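First comes the structure, then the notes that go with it.
The values are calculated or read from the model by the stated rules, or taken from the named source; none is laboratory data. Computed from a predicted structure; not experimentally measured. All Cβ positions, even for glycine, are placed from backbone atoms using ideal geometry, and neighbour counts span all protein chains on display.
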């Protein structure tokens with residue numbers, strides 16, 4: 001299935017873990033924030049892209065279907081993340 005990466009620039013805090021895992025599709029700007037290359041990801045990068053989405057500490061990265069522009073991977077629920085923020089851990 002064809003997918004592309006999108007970053008929520010409002011929520012991104014510039015940890016840069018996504019760029020370390022997927023340098024073929026993500027570069028960091030001068031301030032350490034990801035710049036996603038346009039276009040559909042090659043199929044062989046799918047597993048790395050999923051991992052990059054999973055490790056984002058603020059859930060700012062997602063995989064979307066270019067045809068429908070909707071999330072195709074929901075690796076983690078927002079509930080545990082929300083709970084961490086309310087406890088001061090996020």
When residues of segment 31-48 are filtered for being surrounded by fewer than 12 Cβ atoms within 10 Å (Cβ to Cβ) and over 14 Å from residue 7 (Cα atoms), how many remain? 5
Take residue 60 and tell me if it is under 12 Å from residue 3 (Cβ atoms) and touching a residue at least 12 places away in the same chain (Cβ under 8 Å). no
What residue, among those in segment 47-79 that are farther than 18 Å from residue 17 by Cβ and not in a loop (DSSP other than H, G, I, E, B), is modelled with the highest pLDDT? 64
I'd like to verify a number: residues in segment 4-39 that are assigned to a loop (DSSP other than H, G, I, E, B) and touching a helix residue (DSSP H, G or I) at 6+ places or on another chain (Cβ under 7 Å), how many? 3
